[in-house]
Amino acid sequence: MRSVTYAAAIREALAEELERDEQVFLIGEDIGESGGVFGVTKGLIERFGTDRVLDTPISEEAIVGAGVGASLLGGRPIVEIMFSDFAALAMDMIANQAAKTHYMTGGRLTAGLTIRLVTGTAGATAAQHSQSLEAWFVHVPGLKCVAPSTPADAKALLKAAVRDPDPVCFFEHKLLYNRKGEIDDEVEPFAFGRSRVAREGTDVTVVAYLKTLHDALDAADLLESEGLSLEVIDPRTLVPFDREGLRASLEKTGRLLIAHEAPVRGGFGAEIAAIAAEEMWETLRAPIVRVCGTNTPMPYAPELEGFVIPDAARIAQAARSLVGVGVA
Amino acid sequence: MNETTLSLERLVDLYRLLVLIRRFEERASELRLAGFIPGFLHPSIGQEAVAVGVCAALGPNDAITSTHRGHGHMLARGADPRRMYAELYARRDGYNRAKGGSLHMIDTELGFLGANGIVGAGIPLATGAALQLKRRGAGAVAVSFFGDGATNEGAFHESLNLASLWNLPAVYVCENNLYGEFTRQDKHQTVKDVAVRADAYAMPGVIADGNDVLEMLRVTSEAVSRARAGEGPTLIEAKTYRHRGHYEGDMGGYRPPDEVSEWLARDPIILFGRRVVEENGVTQQQLDEVAADVERELEEAAAFADASPHPAPEEALEDVYAETYEGAALR
């Protein structure tokens, strides 16, 4: 076991996939000589050369389009969107082209590319560099969506994404890049759709991912001394979503709290809530609660930003309220 | 390359492809009115020489991206009219197993990476295909067809800049039919010649008569040779005209009658037929036989489509993903 940062784990996955398959290449803005604005791809151009690590003009539609076009002829591109907000400029290539290729060709062609989307606030990054847009992509059939919260999962799931035949949106949270975690010396990819119990508990199931997963774990620490036990579930992949993992937890706790940084309205939490309500109603003994971003753009000032996104204290308070309502 | 280097057989085959596209689309229009085809059709009638001339310059490993007006490109590339009609009929034997229709047809074996329902979207895809072909190092090229309207999309600008910067083996073929959907060119862009936009990307911009199949073959062959030799992309502007409206059902009333009759007089099939008879010694009888063969082929293709089974409704749930996972249904 080693302790590495989330950014280093992603870099290791990129390097190992570049090493494993010569069809793999990286394409994006400032990922080569500059090593990426968050340093994630640092050193890769020196090791793999300009044929495998492609610095591009600021042209998001052409970058993703080039990735999609190359994938149709057997390339395995890993596209970086420097800030996921900029995916808005490439949405036709993601949502109308990559996502639909397999379906609209009757399964005869597939756009097998990985799109890395740098997500969430980095602190005072304001409205156009901070969004958590996973709901946009989750809503488009044909895309798979991955949201790892730990270095070990980031490495394993990025390797799985690169080898997956379908287009995969891989969300990386900026505030996780410097967070360390234990990983095995050799990390093998594992199949999408398997959630992880990040912390076992008995009273409330909390589903959270990316940075908010860590806030949920902090909330669980806070509540332990009060005698309240949270079970924290990390879905790891949003599409596919592990329904059985959710059910197993709800059978224990009977209470569901969902937390994410994205605005609450139409967020992925609404989908999780609907799955629980439609398919696992008999396990629930209290209303489902969401602790999510407010329905506002991301503000600049730290005190404003802190007001709109969930934190451990807010998750803990919602959990306290939740055990006080509903049926015993 | 010019016509003197082409064999008589080759010339007759080019004529056959022109007639095949024309009649495929005329018949499709009738079949749609008769209720056999449920979806959109955007006929390329009048523009056949662009498709046939360009595709005649390509080799088996080259790739193509097309447009909403893509039947001609696909037929010129050698696609099977039976499976094309079956797709238009929304039947199982269609190219896309009834999941795509006219706007999304593909033939991967021909390197035909698809018609496209989004104006301009094939341009970045061809650019990526060119990138992959260059990485593969096989000397193959990627061709993107698009219309004058598409050259106002950001996808055009971003892609041509990237292709030029990376010296990609790409050929960008603009079919300037003077209308972006219902809007005349002078109301959607200030340039008359789209080819001048190539200057902005430091690549050659070539204007060609899009109603002259041999000229299209010649200019495309030059562009393809440059691309294969590692000399980078070319923008070709083919001046041509859509005989019909934007789609079947659009009567095209926004076009001046004089303009329509002027272009109808320059019908690419009549021009080419006359030329090979007068200059190459092909007989009118040979051309008539070709046309009769095309009719038989299309009659059979429509019968094939009609005999092909409808998809079962539940097939709608298939093909969303290439790979699913046990225990984690991708619902």
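The values are calculated or read from the model by the stated rules, or taken from the named source; none is laboratory data. What you see is a predicted model; the values in this text were computed from it and never measured. Note that each Cβ is placed from the backbone with ideal geometry, even for glycine, and that neighbours are counted across all protein chains shown.
Side notes on the structure shown:
- A:Lys180 vs. criteria surrounded by fewer than 18 Cβ atoms within 10 Å (Cβ to Cβ) and under 18 Å from A:Ala13 (Cα atoms): yes
- Search result, residues across segment A:34-59 that are closer than 18 Å to A:Ser71 by Cβ and surrounded by 15 or more Cβ atoms within 10 Å (Cβ to Cβ): A:Arg52, A:Val53, A:Leu54, A:Thr56, A:Ser59
- Complete set of residues in segment A:93-141 that are surrounded by 24 or more Cβ atoms within 10 Å (Cβ to Cβ), farther than 22 Å from A:Tyr177 by Cβ and touching an Asp or Glu at 6+ places or on another chain (Cβ under 7 Å): A:Met93, A:His102, A:Gly112
- Considering segment B:148-174, and only residues there that are part of a loop (DSSP other than H, G, I, E, B) and either out of contact with any Cys (no Cβ under 9 Å at 6 or more places or on another chain) or modelled with pLDDT under 95 (or both), the residue that is surrounded by the most Cβ atoms within 10 Å (Cβ to Cβ) turns out to be B:Pro169.
- Filter result for A:Gly245 (buried (at least 21 other Cβ atoms within 10 Å of the Cβ), closer than 17 Å to A:Glu200 by Cβ and in contact (Cβ under 8 Å) with a residue 24 or more places away in the chain): yes
- B:Ile123 being facing chain A (nearest Cβ under 9 Å) and buried (at least 24 other Cβ atoms within 10 Å of the Cβ): yes
- Looking across segment B:99-117 at every residue that is more than 8 Å from chain A (Cβ to nearest Cβ) and among the aliphatic types (A, V, I, L, M), the one that is nearest to the chain's Cα centre (by Cα) is identified as B:Ala115.
- Scanning segment A:225-263 for residues that are within 14 Å of chain B (Cβ to nearest Cβ) and part of a helix (DSSP H, G or I) turns up A:Arg243, A:Glu244, A:Gly245, A:Leu246, A:Arg247, A:Ala248.
- Taking segment B:306-322 as the range and being within 13 Å of another protein chain (Cβ to nearest Cβ) and not in a loop (DSSP other than H, G, I, E, B) as the test, the residues that pass are B:Glu315, B:Ala316, B:Leu317.
- Residues in segment A:1-14 that are in a helix (DSSP H, G or I) and either on the phi > 0 side of the Ramachandran plot or surrounded by fewer than 21 Cβ atoms within 10 Å (Cβ to Cβ) (or both): 1 in all.
- Qualifying position, being over 27 Å from A:Ala316 (Cα atoms), within 14 Å of chain B (Cβ to nearest Cβ) and part of a helix (DSSP H, G or I), among A:Val140, A:Val162: A:Val162
- Within segment A:100-138, being among the hydroxyl-bearing types (Ser, Thr, Tyr) and over 16 Å from the mean Cα position of the chain (by Cα) holds for A:Thr101, A:Tyr103, A:Thr105, A:Thr110, A:Thr125.
- Evaluating A:Glu188 against the criteria (1) farther than 21 Å from A:Asn295 by Cβ; (2) of a type in the set (Asp, Glu); (3) crowded, with 24+ Cβ neighbours inside 10 Å leaves one unmet condition, (3).
- Taken together, A:Leu113, A:Leu72 contain a single residue that is within 7 Å of chain B (Cβ to nearest Cβ) and farther than 15 Å from A:Ile58 by Cβ, which is A:Leu72.
Yes/no per residue for (1) touching a strand residue (DSSP E or B) at 6+ places or on another chain (Cβ under 7 Å); (2) farther than 29 Å from A:Gln131 by Cβ:
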site: A:Val264; (1), (2): yes, no
site: A:Gly267; (1), (2): yes, no
site: A:Thr283; (1), (2): no, yes
site: A:Cys292; (1), (2): yes, no
site: A:Tyr300; (1), (2): no, no
site: A:Glu303; (1), (2): no, no
site: A:Ala316; (1), (2): no, no
site: A:Ser321; (1), (2): no, no
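- Only one of the numbered conditions (1) without any contact (Cβ under 8 Å) to a residue 60 or more places away in the chain; (2) more than 14 Å from every other protein chain (Cβ to nearest Cβ); (3) β-branched (Val, Ile, Thr) is not met by A:Ile275, and that is (2).
- Pairing each residue of segment A:15-33 that is under 18 Å from A:Ser71 (Cα atoms) and crowded, with 18+ Cβ neighbours inside 10 Å with any residue that is of a type in the set (Ser, Thr, Tyr) and modelled with pLDDT of 95 or more, provided the two are 6+ apart or on different chains, yields C-beta distances under 7 Å for A:Leu26/A:Thr41; A:Ile27/A:Thr56; A:Gly28/A:Thr56.
- Under the condition of being within 7 Å of chain B (Cβ to nearest Cβ), over 13 Å from A:Leu26 (Cα atoms) and not charged (D, E, K, R), the residues counted in segment A:57-69 number 5.
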